[in-house]
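This report refers to the structure that appears directly beneath it.
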Amino acid sequence: MESRSEPVREPAREGEAAIQRPPLVRELLLVAGLFLVYKLGRQLATGHTGEAFGNAHRVWDLERFLRLPGEGDVQSALLHSDTLVHVVNTYYATVHFPATAAFLIWLYLRRPGHYVWARRVLAAVTAAALVVHLTFPLAPPRMLAATGLVDTGQVYGPTVYGASPETDSLSNQFAAMPSLHFGWALMVAIGLIAATRSRWRWLWLLHPLVTLLVIVGTANHYWLDAIVAASLLGIALAVIRAPRRTAAPMAPARERVGAGGSVLEGPQTPDGPGGPGGPGAPGAQDAPELVGAGR
């Protein structure tokens, strides 16, 4: 009586492919809640005009003491072209939220393990930023006469802010530090670099670099706003560790049928039958391994 050999199965895939996506409805609620808390938290920090301008003078003086580059140098380069200023204002107004949302959606669909990590990091950074916004109201450089900077949004358009902080019911204009524009952009770049393998993935760092030049050139943020945001992100990344990269799936075993119905399995090597570890290589066994028994 002839015995049947057990089929040789491909080992289970490891890494990202083995991680199930979190429930979609729950994630939509969580992410929507993150954006809602971000908006509501900014509203809680409205007012405090005197304190916000006092902090702005202190931040401006500290930057000069630290000999940081002047924000005016970046803005002067932008003001050479009305078209360029308009493009930069549009970038500031339209890229921030959609880019972050697209980043989370892509991770959810393609890298669920990295998605959970990125969502947790963004939530932690946003929560920490809101605490700073509430405890350290800060007028942006476009409002501070000592800077000599132009409010490019109001002058050239488009702008996401009202003409006066007191009448702006949609945003808190005294929440300059830290810059979540920069913090989120930097996390998008880091998340995509961590979750992908392309040799071009480091180009994602252009997103936070361009964002940094935009927020400074439009006089919406100081250099220190971006430095504080990067510091908070660094702390969050140190506490919330990224998942390991996706492991490459093992190749399925090759089966051959020998005399008498035996199943013969060749050695499994990444180099294939003609590679250094394949059949015929020096030191390799001449006879294949017997997996199934004949009569």
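Consider the range 36-67 and keep the residues that are modelled with pLDDT under 80 and open to solvent by less than 40 Å² (accessible area, probe 1.4 Å). The one that is farthest from PHE174 (Cα to Cα) is TYR38.
So that you can scan it fast, the table gives a plain yes or no per residue for (1) open to solvent by 60 Å² or more (accessible area, probe 1.4 Å); (2) part of a helix (DSSP H, G or I):
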| residue | (1), (2) |
| --- | --- |
| TRP184 | no, yes |
| VAL188 | no, yes |
| LEU192 | no, yes |
| LEU205 | yes, yes |
| LEU212 | no, yes |
| ILE215 | no, yes |
| HIS221 | no, no |
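From the list ARG120, ARG142, the lone residue that is within 17 Å of the chain's Cα centre (by Cα) and in a helix (DSSP H, G or I) is ARG120. Note on the range 155-186: among residues that are farther than 18 Å from LEU130 by Cβ and hydroxyl-bearing (Ser, Thr, Tyr), the one that is modelled with the highest pLDDT is TYR156. The single condition among (1) surrounded by 22 or more Cβ atoms within 10 Å (Cβ to Cβ); (2) within 30 Å of PRO23 (Cα to Cα); (3) not polar (S, T, N, Q) that PRO141 does not meet is (2). Close Cβ contacts (under 6 Å, 6 or more residues apart or on different chains) running from residues in the range 227-246 that are more than 14 Å from PRO208 (Cβ to Cβ) and touching a residue at least 24 places away in the same chain (Cβ under 8 Å) to residues that are of a type in the set (D, E, K, R) and surrounded by fewer than 15 Cβ atoms within 10 Å (Cβ to Cβ) comprise ILE240/ARG120. Only residues that are touching a residue at least 12 places away in the same chain (Cβ under 8 Å), open to solvent by 60 Å² or more (accessible area, probe 1.4 Å) and aliphatic (A, V, I, L, M) were counted across the range 80-108, and they come to 0.
The values are calculated or read from the model by the stated rules, or taken from the named source; none is laboratory data. Bear in mind that the values here come from a model prediction, so they are computed numbers and not experimental data. Every residue, glycine as well, gets a Cβ built from its backbone with ideal geometry; the counts of neighbours run over all protein chains shown. Each accessible area value is taken on the protein alone, full model and side chains, heavy atoms only, with ligands, DNA and RNA left out. Shrake-Rupley method; radii C 1.70, N 1.55, O 1.52, S 1.80 Å.
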